[in-house]
Amino acid sequence: MITRIGTYLPVWSGRGGRQAGPDEDAITMAVEAGRAALGEIGPEDVRLVVLVTRDFPLMEGGNAAALLAGLGLPRSTDVVERVGGAPAMFDGLTAAEDATLVIGADAAGAAGAAAAWSGVTGGTLTRLARVHRSLPLRARGQDGVVHEDEDPRLQRERGLRASLEASELPGKPISVAGLSSRDAAAWCEGRPPELPTTGASAPLFALAALAELRSGGVVVAVDQATVSAGTWEPGAVVVHRQERPALDAPTRRATPGPEIKLSFAAYDRAFDAKLRWEAGACPTCGTLAFPPRFRCLGCGEEGSVNLVPLPRTGTVYTATTIHVPVPGLSSPYTLAVVQLDGVDVRALVPVTGTGPPSAEIDEPGRLVFRKMATRSGISDYGYAFAPGGGA
Amino acid sequence: MRRVAIVGAGMTSFGEHFDLGIKELVPMAVTEMASSVDRGFERSDIQAAWFGELATTDGFPSGILADSCGLLDIPVTRVENACATGQDALRNAVFGVASGYVDVALVVGADKVRETSARSTFWDWMAMTRDMAWDYPLGLVAPANFALHVRRYLHEAPATREHLAMIAVKNHKHAVTNPKAQLRQEITVEQVLSAPMVAEPFGVFDCTPQSDGAAALLVVGEELVSRYTDRPVWVRGMGNGVDRVMHQHKVDMTTFPATVKAAKAAYAMAGIGPADIDVAEVHDCFTGVELMSYEDLGFAERFRGHELVEARDHYVGGRIPVNPSGGLKAKGHPPGATGVAQVTELFEQLRGESTNQVDGARIALAHNIGGPTAVSAVTILDADRP
C-alpha cells in the first residue's frame, strides 16, 4: 500500500509547466521528492529504491550512489534504474512491496518529481491492464537525438484509443497521467486533477491529488501507444508537497569553456561528506569539521574522523553575486557562506531557487541537494542554499 | 642579524604587454633596476637570486631568470606565495644576505596575466588556488573570494560602497603622474558606482586590471652599501601571516587575520608602530580590501577605516598616504611583480625621487594579501639605518 507520497516541482516557470534550474537534473529532483516522501521514515525501512525517468544523467558510470547519498540511504540499498515514462512508473508503483521507495522524475520539458513509500497502511493501487504497443512518433535513440513526427490525430486514434480499448477497462478513468490536462479531461469521467508533468512523475502527482481529495476509481498512465491502468482505493496517505509558487527564471548567460577537468581522486575523497551533507566529528573532543579534515580544529587529534549528519537549515553569514562571465558557468550566480543552525559549522555553497538579487545577510533557508557543476561529463553534486526555507 | 639594504630598484611599466613575454620583461626589469644603482654595479656582483612568479609562463621560472638575464653561475630560487609572492621573494633574499650566506642578492618579481584571455584568466588560475572538490566547481573566482569578505564588512561597519568608490578615485588620481602605471586617467565616484557589476559589491572600477610586468631589487649587506650608494633604503621589518584557507573556516570575515599577523611581526621586528609610517603601498586588488586593510594594518580603528577616507587622509599630503603609485587598482597587478613593485615605489619615496612624492617620507610600509585571503606579507622600509 502507498503510505506516503512526496512531490517536488522546480521553482522556475517554463512553457507548459515548470522547468528545471541549471543546477537540477533527474537525480536532484528525485532526491527532493524522495526526501519529501520519506519524512521521518528511517533508512532501515527502505529496502529498495526504484527510479523511473527518461532523463538519467548517466547511461554509464552510475547514478545510484549519488541518489542514495542524496536520500541519506545506505550504499547497500538495492536500486533499480528504470527507463520510461508514466506507464513504467505506474508499473513500478503497482509492483512495489513494503519498504520500497518508487520515484518518478522528469527533467526535460515540464519538470518535476514524485515519490511514494509503500508500507502496511495507505492507499491501494491494483493493476487492471497493461498494453505495450508501438507507435513511436517521438523517439530518442542511443545517440540522444530526438526524432519527432507530430501527428496528434494518429497518436490519439491509433495510439491511445486503440490501446485503451485493448485494456478493456471497467469504466471511464478519473485520471489519465501522461497527457496534457486538456487532453486528459477528454478521456475522463468528471474533472481529473491537473497534473504538472506528463512523464514518469505524472502518475504519482495524480495519486497525490486523488489522495488529498479522497477519491478512488480507475486511473491510467499513458505514453504514446503504451498504457497501464489500475484501480486506486484511497486510504490514509501522507502527502508532502515540496512545491513553491512559480518564479520567472532569471536571464542567465552561459559562458563556454575552457573547462577545468574533474579530479576524480578529489571527487572520490569528498564524495560521502559532500553528497550526504556530513561533517567530520573528532572522536576525542567532538569538534565538527566541514569538510572533514585530517587534523582536528579543536584538539589537534589526527587521522580519525567519524562522519555525522549536518543540520539542513541555516542563515546567510555573507554572500556575493557574480555577474561577470565565468567559463563553464551561467552568470549571474550567487555564492553564500551559510552558518548552519545549532552547530559551529559554516559552509560555502551556491544559492538556488531565487533571484538575483538573492541571499541577503541573516536570511534563513535550507540546504538542498543540487548539481554544483558538470565536469568531465559528470554531474558534480553537493548542497545549495535555498533562501526562505519553510516548506 | 646583519642589516640589509636595498640599493637599486626598478620595474617595467605595467600593462597588457602582448608584445613582451616573461623572457623579455624579466631582463628589462633587471636593467631598469641596474640604472637606479647610483654607483653602478657589475652583474657578476650578484651572488644569488630569488624570483617571485605566481603562474608559470613559458616554462621553468628559475631557469628563465638565469637564462634571460645572463646569470648562469648563481643559485636561483623561485618563490610562489599567492599575492604575497613578490614580497616573499624579497624576504627570502634578505634572509640570504642577513645570514651572511651571500652579500649581494637579486630579487625579481614578474607575471604575465594577459598570456591568457581576459575572460578566462582568473578561472584558469583558480584551478591552482582552490580545493578541487569543494571550492572549484562553485565558481569562487578572485573577485568573489574578496567580495564575500567586503560584503560582510559593509554589513557590520558604517562604511558604504561610496567609500570604496572614493578609494578607486584616489588611486586613479595617484597613478596619473606614474609613468609605469597601467590606468592613468582620473575617474569620479559616480563612474565607479554606475559601472557594471563584477561581484557585489564590486563594480568594474573597484577591481584591479589584468596586468603584465616585472620589477627588480638589488639587496646587499650593510658593509657593502657604500660601494653602490649613499642613499640606501633599509629593510627594517618583515612579516608573513597566514589564515585558514577556506572561507567557511574564517571566523570573522570583516578582518584579514593574515594581515594582522604579518603586520604585527613586521612592526615588532622594526620596533615601531602604525603611527610611525609615513607612506604605504597597500594591497588594493579590490577597493574594499584597501579599506579593510587600513584597520588590519593599524592605520584606523576597527570599523572606522571610512573616516580616514572621508578626511582624505589617504591621499598624498594626508596623514597616511596610501598607494601613491596608484596601487594595484591603477598601477596594475601582475601578482609576482606586485610586491616587488610596491617596494620599488617606496624605495623611490624614501629617496625623495617618486613621481608622486610624499614630503619628508622616512618610513614606509608595503602590504599584500592573497591566496584566498590566507597569506599576507608586510615589509617596513626605512631611509635611515636602523
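Brief remarks on what is shown
- Three semi-axes of the equivalent ellipsoid, the range B:121-273, Cα gyration tensor, whole Å, largest first: 32, 23, 18
- The relative contact order of the range A:194-268, computed from alpha carbon pairs under 8 Å that lie at least 6 residues apart in sequence, is 20 percent.
- Of B:His333, B:His306, B:His367, the one that fluctuates the most in a GNM where chain B has Cα springs shorter than 10 Å: B:His306
- At q = 0.07, 0.09, 0.10, 0.11 Å⁻¹, base-10 log of I(q)/I(0) for chain A (Debye sum, equal scatterers on each alpha carbon): -0.34, -0.55, -0.68, -0.81
- Computed over the alpha-carbon atoms, the range B:298-386 gives an Rg to Rh ratio of 0.96, Rh here being the Kirkwood radius from the mean inverse distance.
- Projecting the Cα atoms of A:Ala88, A:Gly61, A:Ile41 onto the charge dipole of the range A:2-243 (Cβ charges, centred on the Cα centre) puts A:Ala88 farthest toward the positive pole.
- Helix axis angle, A:26-38 relative to chain A longest principal axis, alpha carbon, degrees: 90 degrees
- Relative compactness, the range B:38-113, computed as alpha-carbon Rg over 2.2 N^0.38 Å: 1.07
- Positive minus negative residues near A:Glu97 (Lys, Arg vs Asp, Glu; Cβ under 13 Å): -2
- Absence of a disulfide-compatible partner, taken as no other cysteine beta carbon within less than 4.7 angstrom, is noted in chain A for A:Cys188.
- Within the protein assembly as shown, the proportion of Cα pairs with more than 41 Å between them is 43 percent.
- The range A:266-305: chymotrypsin sites (Phe, Trp or Tyr not before Pro) in DSSP coil with no more than 12 other Cβ atoms inside 10 Å: A:Phe294
- Within the range A:2-243, DSSP assigns beta bridges of which about 60% are antiparallel (rounded to the nearest 5).
- To the nearest ten degrees, helix B:287-296 and the longest principal axis of the Cα atoms of chain B are 70 degrees apart.
- Whole-Hz ³J(HN,Hα) from phi, Karplus 6.51 cos²θ - 1.76 cosθ + 1.60, for the range B:23-37, glycine and proline x: 6, 8, 4, 4, x, 4, 5, 5, 5, 4, 4, 4, 6, 8, 7
- Counts of other chain beta carbons within 10 angstrom of each beta carbon in peptide B:151-158 average 3.
- Translational diffusion coefficient (Stokes-Einstein; Kirkwood radius from C-alpha pairs) of the range B:1-142 at 10 °C, 1.306 mPa s, in µm²/s: 97 µm²/s
- Extending 7 Å from Cα along the Cβ direction at B:Arg244 and again at A:Ala185 yields two label points whose distance is 5.7 nm.
- Along its principal axes, the range A:1-155 has C-alpha extents of 47, 39, 31 angstrom, given from the largest down.
- Convex hull volume per residue in cubic angstrom - Cα atoms of the range B:294-347: 92 Å³
- Neighbours of B:Met197 by Cβ distance under 12 Å: Lys/Arg scored +1, Asp/Glu scored -1, total -1.
- The reciprocal of the average 1/r between distinct C-alpha atoms defines the Kirkwood hydrodynamic radius, which for chain B equals 20.3 Å.
- Between 0 and 90 degrees, the angle of helix B:257-270 with respect to the longest Cα principal axis of chain B falls at about 40 degrees.
- Pair-distance distribution of the range A:103-262: all C-alpha pairs, bin width 10 Å, starting at 0; shares per bin in whole percent are 9, 34, 32, 17, 7, 2.
- Relative exposure of B:Asp359, B:Asp206, B:Asp103, A:Asp23, judged by other C-beta atoms within 10 Å (fewest first): B:Asp359, B:Asp103, A:Asp23, B:Asp206
- With the helix formula -39500 (n - 2.57) applied to DSSP H stretches of n ≥ 4, chain A reaches a computed 222 nm mean residue ellipticity of -5000 deg cm²/dmol.
Read-outs throughout are calculated quantities, based only on the coordinates presented, and are distinct from any laboratory measurement. Keep in mind that this is a model prediction, so the values were computed, not measured. Methodologically, a virtual Cβ is constructed for each residue, glycine included, from the backbone with ideal geometry; neighbour enumeration extends over all protein chains shown.
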